[in-house]
Every structure is written in structure tokens, then in C-alpha cells.
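The values are calculated or read from the model by the stated rules, or taken from the named source; none is laboratory data. In this text the structure is predicted, and so the values were computed from the model without any measurement. Backbone-built Cβ (ideal geometry, glycine too); neighbour counts: all protein chains shown.
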Amino acid sequence: MKIAVLAGDGVGPEVTAQAVKVLRATVGDANLQLTEAPVGGAGVAAAGDPLPVATMAIAKAADAILFGSAGMPGDEALPYAQRPGASLLRLRKELDLFANYRPVFMFPELIGASSLKPHLVEGLDLLILRELSSDIYFGEPRGVSTNAQGIRVGINTMYYTEPEIERIIHVAFKTARQRRGKVCSVDKANVLDTMQLWREVAERVSKQYPDVEYSNALVDAFVMTMMRQPKQFDVVVTGNMFGDIVSDAAAMLTGSIGMLPSASLSPDGRGLYEPVHGTAPDIAGKNIANPLASILSAAMMLDYSFKQPEQSARIKRAVATVLADGYRTADIFEPGSRQVGTAEMGDAVVAALKV
Ligand code: IPM
Ligand code: MG
């Protein structure tokens, strides 16, 4: 398994180290070819570029990429292409990682950490499928300029082509067939032309999957319903911008964004795996960040990129075991549980793999 390890900035290196530890313990060193490369602020420090040419080459040569997090406060002041945080966006775009899977599931042990009442989230298992290669994130024109009246104007462009919408909607329906057979497409078709096209395409594609239950929702109403009755959803497919927002909100249903993994796949099957959380600069370097999102991202990698669902399930079981044994990082700590640091949590998962 050829894996590029791009740990990045902030808590990225700490949590990624735990995921690597768990991968080694799961599949064995002999099966792993890991290549580390700097990205984000680390890329700027190493090569003056948040996504150094050498890092890009390593990412392209790998079967899969394990990504930590990139970017630090103050980055916004830099030109877009030089921003450490933008390195991730460039990777997504250049590798055409259009299908972003963000599973949101409840570990029973963490039910008390959810922002919602236990009965609303017990057994919760939904998948946010976020389109990741287009939309207002990449649309042109963009930028801040001064208009003819001397007034400063900021512009971004919400943009989707029909094929871009079509391919993510197909992924949604195919994925739903492996799950509970339901797709909800989330848009803002009542206001935005881009989203009118989105809805039209989603409705058309849905006809090709009569065995899958299709619905659509406007993003504002969707978020409200997700907070009221999240268990009614199975696969939720949405654009890049709405997917970003909706997935952070969904994270709180499970107690902590420190628990949520993700996979981003390209049409040719290349995958980037990363925790949904960011660099968390306030807790970086303190060995207190929760590594479970990164560890669970490595589990998704074994499943999606290397077709080893049994090994992937083994990691998920090990995570469930350590939670049942009371191990908690600070973000999910509850009185009576056993508070551990980042590295200890990684060790606990490794130990639980053996049982
Ligand atoms: C995410 C993050 C990124 C995004 C940032 C770090 C660019 O919030 O992956 O959800 O907006 O896509
Ligand atoms: Mg986000």
C-alpha cells in the first residue's frame, strides 16, 4: 500500500502519527510504503510553497493520501495561492477529488456528549456526501477589487456544470444502495440559479434509481430538520459550500468533530483521507487533541482505497472498544471516564486491535 502521509500543521502531525501507528499495527509494516511530505505551513517552511512540487509528486504517485490538517490563524492575509489552508483546496482540485464522504455516526458510549437529546441520536448513521471539486470554492471570477465608484467589492462565483452535478448525484445513489436506500439532495433552488440546475439534474438522475427513495430539501430547512430528527436521513448529497457547513453542524450530533473521518475520492479511485476537523491551533502540540477522527480516516482508507473492509472494521471495533473502556480525550471527556492524551489514545486503539 503506497501511502503519502501529509501531516501538515497544528494538531495534524500529532493525530496523523496515531493513525500511522494504528495502520502499522493493523496491516503490518511489510505491507506499507509510507512517504511523508510537507504541506501547508510545513510546506512553506520546507520549500516556500504550501503545496511544494515534490509533495504534489508524492501525492500523485501514491495509491492513497493520509492528510492531517493545514493552515494557521493569520493565513488569510496571504495571497490565496500561498495560503497554507489553500494547499488542501489545490490538492482536491488538481487530483479531482470530487466525492467527499463524511459519515456521521454515533458511538453509543458518546451519546451523552451529543448536543441533542439521546433518543434523537441513538443509532444515528448518516452520510454527508459533499461535492468537493467545484462550486463557489473554485468559481471564477473571484477576488477583491475596487469598482468605478471607488468602492471595494468582494466577489466569488457559485458555479456548477451539469456533468459535475451528475457525477456526484450518481455516487449518492450508488452509495445509498449499499446503505439504507435513501438519498436527500440538499440545495437552494428557490434562490440560486446554480442550485436550480442542481435540483433539475438530481431529479433526472433519481429516475434511474427507482429502488432508491429520493427527496430534496432547501439547505436552511434541511439543517432545521437535521437538528429535529436526524435519524430520518441516510445519504445526504450536497454542493461544496453547503456540504462544508452542514457537515460541521452534523458533527455536533455525535458529540465532537474530533470523532469524524472523511474520504475524498477521484473518478480514477485515488483517495485522500482526513479528519473533518482542522488544525485546532489552540491545542496544537499539547498532546490533547483527539486522534480518533484521523484513526477512523485510516480505517476508511483500508476500506475504500485498498478494499480491505475486514481490516477497516477491525479498526472501528478497536475504537468502539477503547470508548467502551472509558478512554476519553479532553473534547469527549465526561466525569467518571479516563482522560488520556493523543498518543495514549493511539496506544489504546493499537492495544484494542489485538483483542
Ligand atoms: C473542510 C474545511 C476546509 C473546507 C477548509 C480547511 C479549507 O473546512 O474540509 O471542511 O472549507 O473545505
Ligand atoms: Mg469545513
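Going by the conditions given, is residue 187 over 26 Å from residue 300 (Cα atoms), under 20 Å from the mean Cα position of the chain (by Cα) and crowded, with 18+ Cβ neighbours inside 10 Å?
Values: over 26 Å from residue 300 (Cα atoms): yes; under 20 Å from the mean Cα position of the chain (by Cα): yes; crowded, with 18+ Cβ neighbours inside 10 Å: yes.
Criteria met by residue 187.
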Exercise. Look through 272, 323 and report the one residue that is assigned to a helix (DSSP H, G or I) and modelled with pLDDT of 95 or more.
Key: 323
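It is to be established whether one or more residues within segment 289-305 are part of a helix (DSSP H, G or I), under 25 Å from residue 166 (Cα atoms) and of a type in the set (Asp, Glu).
Of the residues in segment 289-305, the ones part of a helix (DSSP H, G or I) are 292-304.
Narrowing further to those that are under 25 Å from residue 166 (Cα atoms): 300-301, 303-304.
In the following step, the residues that additionally are of a type in the set (Asp, Glu) were identified as 303.
Yes, segment 289-305 contains a residue that is part of a helix (DSSP H, G or I), under 25 Å from residue 166 (Cα atoms) and of a type in the set (Asp, Glu).
Please tell me if residue 128 is under 30 Å from residue 327 (Cα atoms), buried (at least 19 other Cβ atoms within 10 Å of the Cβ) and within 16 Å of ligand 1 (Cβ to nearest atom). Quick ask: steps written out before the conclusion?
Values: under 30 Å from residue 327 (Cα atoms): yes; buried (at least 19 other Cβ atoms within 10 Å of the Cβ): yes; within 16 Å of ligand 1 (Cβ to nearest atom): yes.
Yes, satisfied.
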Quiz prompt | Output for segment 121-133, where each listed residue is more than 16 Å from ligand 2 (Cβ to nearest atom) and either over 18 Å from the mean Cα position of the chain (by Cα) or part of a loop (DSSP other than H, G, I, E, B) (or both) | solution = 121, 122, 123, 124
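Can you tell me which residue among 145, 115 is surrounded by 13 or more Cβ atoms within 10 Å (Cβ to Cβ), hydroxyl-bearing (Ser, Thr, Tyr) and on the phi < 0 side of the Ramachandran plot?
On the way: 145 fails: surrounded by 13 or more Cβ atoms within 10 Å (Cβ to Cβ).
Selected residue: 115, the only one of 145, 115 that is surrounded by 13 or more Cβ atoms within 10 Å (Cβ to Cβ), hydroxyl-bearing (Ser, Thr, Tyr) and on the phi < 0 side of the Ramachandran plot.
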Quiz item: Hey, does segment 140-159 have a residue that's in contact with a Pro (Cβ under 8 Å, 6 or more places away or on another chain) and over 26 Å from residue 224 (Cβ atoms)?
Solution: yes
Quiz item: From 264, 247, which residue is within 14 Å of ligand 1 (Cβ to nearest atom), assigned by TED's automatic domain parsing to the domain that holds residue 184 and touching a strand residue (DSSP E or B) at 6+ places or on another chain (Cβ under 7 Å)?
Solution: 247
